[in-house]
Every structure is written in C-alpha cells, then in structure tokens.
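Below is one structure, written out as structure tokens, with a few remarks after it.
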Amino acid sequence: MRIRTAGVVTVLGLALAASGCGGDNSKDEPAAKATSPAASGKLVIWADDKRTAALKPFAEKFGQENGVTVEVQAVSKDLQTNFVTASQQGSGPDVVVGAHDWIGNLVQNGAIDPVQLAAEQKSGFNETAIKAVTFNGQLYGVPYATENVALIRNTALAPEAPKTIEDLVATGKKLKAEKKASEILCLQSGQNGDAYHIYPLYTSAGGYLFGTAANGDYDPKDLGVGKPESIEAFTKIGKLGEKGDGALKRSITGENSIATFTGKKCAFLVSGPWAIADAKKAGISYDISPVPGFAGGKAAQPFVGVQAFYVAAKGKNKALAQEFVTNYVTTPELAVALYQAEPRPPALTAAFDQVKGTDPDLAKFSEAGKDGQVLPAIPAMAAIWDPFGKAEAAVIGGADPAKTVTAAGKTISGQIK
C-alpha cells in the first residue's frame, strides 16, 4: 500500500507557508460548481506529490469559477500526523487527501467532519469504497480510488497462474533449479514484516484481525491475533519461510521487491497497481491474478484500501471545502485525472468505465480484490501494524509461531486497552 505525502506547493501563483511541510511546488484544485457557498476566500488542500500534480488544472478552474484563491500543498512525509498536529494548532488545511484507514484516528482527534452526499451521488461509487469511508454510520470522505494487492507474474517464466500457494512454490523452486530465477516469490517483509502484504496468506490460513459486530463494523474487542486461528495461520506462513520452503524471506523488502521482479529474478510478485509502471518500463510480459491461497484453505483475502478526500473539522473555509468534496470530487473528470497520475481503479463507476477500455489491468486488480476485506479504519488498527509485522518477520526467520503470535496478541491487546 502506498500512502505517500509531499512538500509545499504554490497554486494560482501564490506562495504558500505550510505548517509541517517540506518543499515541492505544484498547483492544484478542482473546479467546483459555480454554486459554491463561498463567493470569496481561500481553499487550502493537502495531498501528496502525485495528487497535487493531477489536481493542478482543476485547482485553477475551481478557483476561477468560485472567485477564490486555491492553495494546494504537497506534504512529503507523515501527512496524517502533520494534519492532526496542524488541526490541533489551528493551522491545518480545509481539505486533506489520504487513505481511508486514517478515518478512525482523524475522527477520534476531531480532525475531520462528516460529508453529505445525496443518494444519487453515493450510488455512483463502488459499494466497497463507500463502505470504507463510512465510520460509526456516517460518511466521512469522498472516495476516488480503490487499491488491493494481487499476484503479478512474469508470463515468460510462469505462463499459467498458480491455483494455490503450493503450486506457486513448486513453480518457483523449479525456476530456481533451472537458474531462471533467484527467488521463489517477491512478497515484501523486511526485518519488521509487512502486515498489508502478508494478509492474503494470513486469511487463507484462517487468521483474522478483528471480528465484526452485529452491524458489520469491526469489533476491537474481538482481537484475532494470538488466538488459535492466528497461530495456525502463522504456522503455515512459517513453513513458507527461511527455514522452510524459502518462498518468504526477510531480505525481500518494500525497497527491493518490485525491482527484484522487474529484474527478472523472480517470477511472482505480490503487489498493487503502483508496481505496474515499473513492470512496463522494464518490458516485462506480465499478467495479474488473485493471490493464491493455501491448498484446502480459505480464499486469500487481500485488504481493500480506498483513497479519499476529507473536510477538515477546523478548516477556515469549511463551506467551500464541503462544496469541493461533494460536488467536484464526485465528477468523472477529476477521477480520471487522478487515475492518470497513478493508475488505481477509480472508485467512481463512471470514471472506471471510462478508463477500463484502455487499461485491462484495472479489471484484473478489481477481480483480485472482489472478495477482499476493507482495511479496518478503527483506531485499534494502529496497534496492529508494528507487533503483527514483527511477529511475521520473526516467524519467517524461523521463530516459534505459537510463542511469537501469542506475545504479539498480548502486546496489541495491551495497546488497545
């Protein structure tokens, strides 16, 4: 999952002084309808570098149509943290662009307001995307893209999609024996693990993070990490690790997993839409399919993430911000521009339909994620990442699964309480 942020940008020729941001220039802002409730003022948006570049022409149009100044600031790192801090200090933006799993933390910190979309507007979005930005029964963001990992394979090395992870390992071992590859699988872990990328295998082996309440929301009181299901899952993951099949290795990291694949050193890569540009640039003949699960296990379920626009609760121009996210972010033109900046399946159905004809990969990623699980946006999720990832890395390295996962569960449970 790529959640990036960027430096400071100038828009409509105006210099910006951004609290907590580094430098990077870019203008941005979409055009809202001329019925904006603010006839004058300034709209400040925080996003990452790629989003600011895509927003630039729309920013100018929005400003011109509404008679306002638009400033888009690209925040290069720690966008969520910087936003919460700036919000508390009263120096934040009016709109922020980020991942849906920020919502629980942002709501808990009083940093964002609910947004109001008409039923007709809601119906124009992918259902999963709307579900992802709904928290405690309220809509808190307007989604623009979905994302999930899939299995990307080099078809010159592996013509057929493996039906199970065991099939994948067998093919990978054969390619290694024939010296056609040096790695069985490129699934990033590193020394600290990576809960996002390992999650499809964890679910296939029966593991879960949180149970669900009667209304379908994730229940932080029902923690799956440390329970028998998670121990069984990590036992199977361990057998794929360094003292087992060698398919999962801590030497495969977020920095080198895609490069190892594009360098033709492994036939299989578990990654998302963000990896495709590199594969194309390297001239790799590739195909995309769902991440295969364990033989006899459950279907591998990747996390489904959503990128969205949020209205800052303490922004200085909230009315204009609401107009922007509800009546401008909901237009296909902007959604397509954001897709072109970094191809991920648009959450707006009209935009998805517009671009799918020229990008067959979109449908394949969507198919790979159709049975996925919405990445939990509850605040308790923040306690998962580090202990879970470190447990994963330890087990891949040969640590005892039961002891390791039980300890991780206790750490997570302690942090949630």
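This table checks each residue for (1) in contact (Cβ under 8 Å) with a residue 24 or more places away in the chain; (2) more than 25 Å from the chain's Cα centre (by Cα).
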| site | (1), (2) |
| --- | --- |
| Pro376 | yes, no |
| Pro379 | yes, no |
| Ile384 | yes, no |
| Pro387 | yes, no |
| Gly398 | yes, yes |
| Ala402 | yes, yes |
| Gly414 | no, yes |
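Working only within the range 391-403, note down all residues that are on the phi < 0 side of the Ramachandran plot and open to solvent by 30 Å² or more (accessible area, probe 1.4 Å).
Quick first cut of the range 391-403, residues on the phi < 0 side of the Ramachandran plot only: 391-397, 399-403.
Once the filter is applied, which keeps residues that are on the phi < 0 side of the Ramachandran plot and open to solvent by 30 Å² or more (accessible area, probe 1.4 Å), the range 391-403 yields Ala394, Ala399, Asp400, Ala402, Lys403.
From (1) more than 24 Å from Pro143 (Cα to Cα); (2) not in a helix (DSSP H, G or I), pick out the condition that doesn't hold for Asp386.
The one condition Asp386 does not meet is (2).
Can you tell me which condition Lys131 does not meet? The list is (1) assigned to a loop (DSSP other than H, G, I, E, B); (2) touching a strand residue (DSSP E or B) at 6+ places or on another chain (Cβ under 7 Å); (3) open to solvent by 30 Å² or more (accessible area, probe 1.4 Å), and all the others hold.
(1)
Would you point out the residue of the range 109-127, among those that are open to solvent by 60 Å² or more (accessible area, probe 1.4 Å) and assigned to a helix (DSSP H, G or I), that is nearest to Thr326 (Cα to Cα)?
Lys122
From the list Ala53, Ala47, which residue is modelled with pLDDT of 50 or more, open to solvent by 10 Å² or more (accessible area, probe 1.4 Å) and under 28 Å from Ser271 (Cβ atoms)?
Numbers: Ala47 fails: open to solvent by 10 Å² or more (accessible area, probe 1.4 Å).
Going through Ala53, Ala47 in turn, the sole match is Ala53.
Only one residue in Ala319, Ala277, Ala300 is among the hydrophobic types (A, V, I, L, M, F, W, C) and either part of a loop (DSSP other than H, G, I, E, B) or without any contact (Cβ under 8 Å) to a residue 24 or more places away in the chain (or both). Which one? Can you show your working first?
Values: Ala319 fails: either part of a loop (DSSP other than H, G, I, E, B) or without any contact (Cβ under 8 Å) to a residue 24 or more places away in the chain (or both); Ala277 fails: either part of a loop (DSSP other than H, G, I, E, B) or without any contact (Cβ under 8 Å) to a residue 24 or more places away in the chain (or both).
Being among the hydrophobic types (A, V, I, L, M, F, W, C) and either part of a loop (DSSP other than H, G, I, E, B) or without any contact (Cβ under 8 Å) to a residue 24 or more places away in the chain (or both) holds for just one of Ala319, Ala277, Ala300, which is Ala300.
What number of residues within the range 320-333 satisfy the criterion of being farther than 21 Å from Ala119 by Cβ and touching a strand residue (DSSP E or B) at 6+ places or on another chain (Cβ under 9 Å)? Walk me through it before giving the result.
Of the range 320-333, the ones farther than 21 Å from Ala119 by Cβ are 320-321, 333.
From what's left, touching a strand residue (DSSP E or B) at 6+ places or on another chain (Cβ under 9 Å): 320-321.
The qualifying residues number 2.
Given the residues Val97, Val115, Val133, Val72, which is the only one that is over 19 Å from the mean Cα position of the chain (by Cα) and either closer than 25 Å to Gln354 by Cα or modelled with pLDDT under 95 (or both)? Quick ask: steps written out before the conclusion?
Values: Val97 fails: over 19 Å from the mean Cα position of the chain (by Cα); Val115 fails: either closer than 25 Å to Gln354 by Cα or modelled with pLDDT under 95 (or both); Val133 fails: over 19 Å from the mean Cα position of the chain (by Cα).
After applying the criteria, what remains is Val72.
Anything in the range 263-286 that is open to solvent by 40 Å² or more (accessible area, probe 1.4 Å), of a type outside the set (Gly, Ala, Ser) and within 25 Å of Ala170 (Cα to Cα)? List them, or say none. Give the steps one after another, and end with the answer.
Narrowing the range 263-286 to residues open to solvent by 40 Å² or more (accessible area, probe 1.4 Å): 263-265, 277-278, 280-283, 285-286.
Remaining after also requiring of a type outside the set (Gly, Ala, Ser): 264-265, 278, 280-281, 286.
Scanning the range 263-286 gives Lys264, Lys265, Tyr286.
Open to solvent by 50 Å² or more (accessible area, probe 1.4 Å), at pLDDT below 95 and part of a strand (DSSP E or B) - does that describe any residue in the range 11-21?
yes
Give the residue, chosen from Tyr208, Tyr199, that is farther than 20 Å from Ile284 by Cα and in contact (Cβ under 8 Å) with a residue 60 or more places away in the chain. It would help to see each step written out before you state the result.
Numbers: Tyr208 fails: in contact (Cβ under 8 Å) with a residue 60 or more places away in the chain.
From the options Tyr208, Tyr199, the qualifying one is Tyr199.
The values are calculated or read from the model by the stated rules, or taken from the named source; none is laboratory data. Just so you know, these numbers come straight off a predicted model, no measurement behind them. Reconstructed Cβ throughout: ideal geometry from the backbone, glycine too, with neighbour counts over all protein chains shown. These accessible areas exclude ligands, DNA and RNA; they are computed on the full protein's heavy atoms, side chains included. Shrake-Rupley method; radii C 1.70, N 1.55, O 1.52, S 1.80 Å.
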